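Scroll down for the structure; my scribbles are underneath it.
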Amino acid sequence: MRLSNSRWLPVMVVLAAIILIWYVGAVWLNAGLVEQRLEQTGKEATAAEFAHIAFSLDRPVLPAPHQVAREFYESVFTRDITSPRSLVYHAEITGSATLVGFALGTLLGILLAVGIVSWRTLDRSLLPWIIASQTIPILAIAPMIIVVLGNIGLTGLMPKAVISMYLCFFPITIGMVKGLRSPDPLQLDLMRTYSATRGQVFRKLRWPASVAFLFTSLKVAIAISLVGAIVGELPTGAQGGLGARLLSGSYYGQTVQIWAALFMAALLGMVLVALVGVVERLTLRRMGAKP
Amino acid sequence: MQTLRTDTTMSADSLRPASREDNRPVAIDIRDLSLTFRTADAPVTALSNVDLQIRAGEFVSLIGPSGCGKTTLMRVMADLARPTSGHITVNGLSPEQARLARAYGYVFQAPALYPWRSVRRNLMLPLEIMGVPASEREARAARYLEMVGLKDFANKFPWQLSGGMQQRVSIARALSFEPKLLLMDEPFGALDEITRDHLNEQLLRLWEQTQKTVIFVTHSIPEAVFLSSRIVVMSPRPGRILEVIDCNLPPDRTLDVRETPEFLTIAHRVRVALRAGHSYDD
């Protein structure tokens, strides 16, 4: 009991501090709007009344936490999950693009790493391009990808998944190259004394040695993958997805809606990373990692 | 796929070979072997004009200070390093052919166990690579774990074992595919003295039982004298053989033999030879 207390207490203190600062910030940032309204109605307000108005504006500059919480609750739990007004509906769209992109990116990342580790020519010729690919701002290239893929008949989920893949293969390639090269000379010499083939060295030494590296990369990659899917929804005028929700919120000044969607995105990200973490723990335990 | 020998275990009471005048086949034949490493500043002569013949069934220790080339010499036998000049055959083959024929088991200074494999599966690693059928793999793993006294630890992972146990696993792993030749590079160097004594005794029994040829690198004089049928004393800069000392202690010896005059006489000879190699060094 005391152990769990000591673990949760710091987190809760930070949370309380954030909420407090948030409320103060909401009063401060919404002050202009509140004064406008008071002017229109010609009323005077006490500090408490002032704060109350600041926390209940329809389109505040910064909505109060409880406004966001209420919007989040209503759009998650009180609406039909197949309705475009439900956040679950949007999270599902973005989540599936994320997962497809993540799967493709993992595959591409691993294939590139295997190539780079196995053939010196690929190491020299490919790595600079891989690094260069990550220096291109995704916001600039995302519309191009969507236009090009749209022209060959790929619309909907696939273009977003491709953008996700484009972003998330990189950490996997880098992590896997490191992992596949991690066996020490002794472990490699041992294989040589058995006159093992290159394929056997790969399957029985390099691959298992890289698994821990792979999972570290996967946790980074799945979070990036989510960002990629959301970015992919922005320039398309997509009808569904958290990115579309963010965009429509900003068109109509629905700040409360934007914040609720942001929290949904954060929650989705945490759940995805946690899932990878669970698979990691199960896998590494089977591979004899210290608990 | 290489076929594996299964007839290695012989009765423990078979006689130990007398080291010189027997007519067993030559297991390792080294003539005028030199090896020079090219380094950034100056070439380093690791081995210079080494001549050595080792007969099948011998237990030969290579002893000398650090940098005398003893590990390099063993790596040449194992085809993990290439000589610059000279001739070497292992079981009548070139080292590379011998390696491809899986003629030897190599025990490294560190256990080099794969941390993601249980003890049992570490033992089966060479067998998997050599294409031994699964049922036979299990049988061999069980047999050799029993031999090194670790059958209760079969499903543990390496980190759950002490250093001495890990090294025993690595020895069992080298034995598991039943090579005629065992190359051991300071296998007990990192262990405490009590564990080391214990493993020395076990290794001696094992050698008597299996009649393997063992080449053993060490820098411990008592270890070399206790285990060996011959001791090759080497010296550094350049790495070369100073002296080869016969060492014929009774086959059924225990650690107590280290108190006997015969033992001390041989140990003294080794020490004198080692000192001779060092005299013009500093």
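Numbers below:
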| item | result |
| --- | --- |
| Options A:V231, A:V256; residue that is more than 25 Å from A:G156 (Cβ to Cβ) and either crowded, with 18+ Cβ neighbours inside 10 Å or away from chain B (no Cβ under 14 Å) (or both) | A:V256 |
| Index of the failed condition, B:G105 passing every other in (1) open to solvent by 40 Å² or more (accessible area, probe 1.4 Å); (2) at the interface with chain A (Cβ under 10 Å from one of its Cβ atoms) | (1) |
| Complete set of residues in the range A:117-139 that are open to solvent by less than 60 Å² (accessible area, probe 1.4 Å) and out of contact with any Phe, Trp or Tyr (no Cβ under 6 Å at 6 or more places or on another chain) | A:V117, A:S118, A:L122, A:D123, A:S125, A:L126, A:L127, A:I130, A:A132, A:S133, A:I138 |
| Of the criteria (1) without any contact (Cβ under 8 Å) to a residue 40 or more places away in the chain; (2) more than 9 Å from chain A (Cβ to nearest Cβ); (3) out of contact with any helix residue (DSSP H, G or I) (no Cβ under 7 Å at 6 or more places or on another chain), which one B:T84 fails | (1) |
| Lone qualifier among A:D189, A:D184 - being in contact with a strand residue (DSSP E or B) (Cβ under 9 Å, 6 or more places away or on another chain) and of a type outside the set (F, W, Y) | A:D189 |
| Scope the range A:271-291; condition more than 14 Å from chain B (Cβ to nearest Cβ) and not in a helix (DSSP H, G or I); matching residues | none |
| Residue list for the range B:120-133, restricted to those being open to solvent by less than 60 Å² (accessible area, probe 1.4 Å) and either more than 12 Å from chain A (Cβ to nearest Cβ) or in a helix (DSSP H, G or I) (or both) | B:N122, B:L123, B:M124, B:L125, B:P126, B:L127, B:E128, B:I129 |
| Checking A:S248 against (1) free of Cβ contacts under 8 Å to residues at least 12 places away in the same chain; (2) among the polar types (S, T, N, Q); (3) away from chain B (no Cβ under 14 Å); (4) farther than 20 Å from A:L87 by Cα, the condition it does not meet | (4) |
| Selection status of A:S225, among the hydroxyl-bearing types (S, T, Y), within 12 Å of chain B (Cβ to nearest Cβ) and open to solvent by less than 50 Å² (accessible area, probe 1.4 Å) | no |
| Test result for B:R117, of a type in the set (K, R), farther than 28 Å from B:V26 by Cα and part of a loop (DSSP other than H, G, I, E, B) | yes |
| Residues that are outside any helix (DSSP H, G or I) and surrounded by fewer than 18 Cβ atoms within 10 Å (Cβ to Cβ), drawn from the range A:165-194 | A:R181, A:S182, A:D184 |
| Candidate set from the range B:158-179 (those that are in contact with a helix residue (DSSP H, G or I) (Cβ under 7 Å, 6 or more places away or on another chain) and facing chain A (nearest Cβ under 10 Å)); member that is modelled with the lowest pLDDT | B:F177 |
| Cross-chain or 6+ apart pairs with Cβ under 7 Å, the range B:22-45 first and without any contact (Cβ under 8 Å) to a residue 24 or more places away in the chain, then open to solvent by less than 50 Å² (accessible area, probe 1.4 Å) | B:F37/B:A46 |
| Number of the condition not met by B:Y144 [criteria: (1) under 24 Å from B:V90 (Cβ atoms); (2) within 13 Å of chain A (Cβ to nearest Cβ)] | (2) |
| Which listed residue, of A:S210, A:S217, is within 14 Å of another protein chain (Cβ to nearest Cβ), assigned to a helix (DSSP H, G or I), at pLDDT 90 or above and open to solvent by less than 20 Å² (accessible area, probe 1.4 Å) | A:S210 |
| Condition check for A:A196: out of contact with any His (no Cβ under 6 Å at 6 or more places or on another chain), aliphatic (A, V, I, L, M), under 27 Å from A:A289 (Cβ atoms) and without any contact (Cβ under 8 Å) to a residue 60 or more places away in the chain | yes |
| Boolean, A:V148 is surrounded by 16 or more Cβ atoms within 10 Å (Cβ to Cβ), among the β-branched types (V, I, T) and part of a helix (DSSP H, G or I) | no |
| B:A112 within 25 Å of B:R196 (Cα to Cα), within 13 Å of chain A (Cβ to nearest Cβ), open to solvent by less than 40 Å² (accessible area, probe 1.4 Å) and small (G, A, S) | yes |
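Residue-by-condition table, conditions (1) among the aromatic types (F, W, Y); (2) open to solvent by less than 10 Å² (accessible area, probe 1.4 Å); (3) in contact with a Cys (Cβ under 7 Å, 6 or more places away or on another chain):
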| position | (1), (2), (3) |
| --- | --- |
| B:W159 | yes, no, no |
| B:A174 | no, yes, no |
| B:E178 | no, yes, no |
| B:F188 | yes, yes, no |
| B:R205 | no, no, no |
| B:E208 | no, no, no |
| B:H219 | no, no, no |
| B:A224 | no, yes, no |
| B:L227 | no, yes, no |
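The values are calculated or read from the model by the stated rules, or taken from the named source; none is laboratory data. This is a predicted model, so every value here is computed, not measured. Because the Cβ atoms are built from the backbone with ideal geometry, glycine has one as well, and the counts that use them run over all protein chains shown. Note: areas computed on protein heavy atoms with side chains; ligands, DNA, RNA excluded. Shrake-Rupley method; radii C 1.70, N 1.55, O 1.52, S 1.80 Å.
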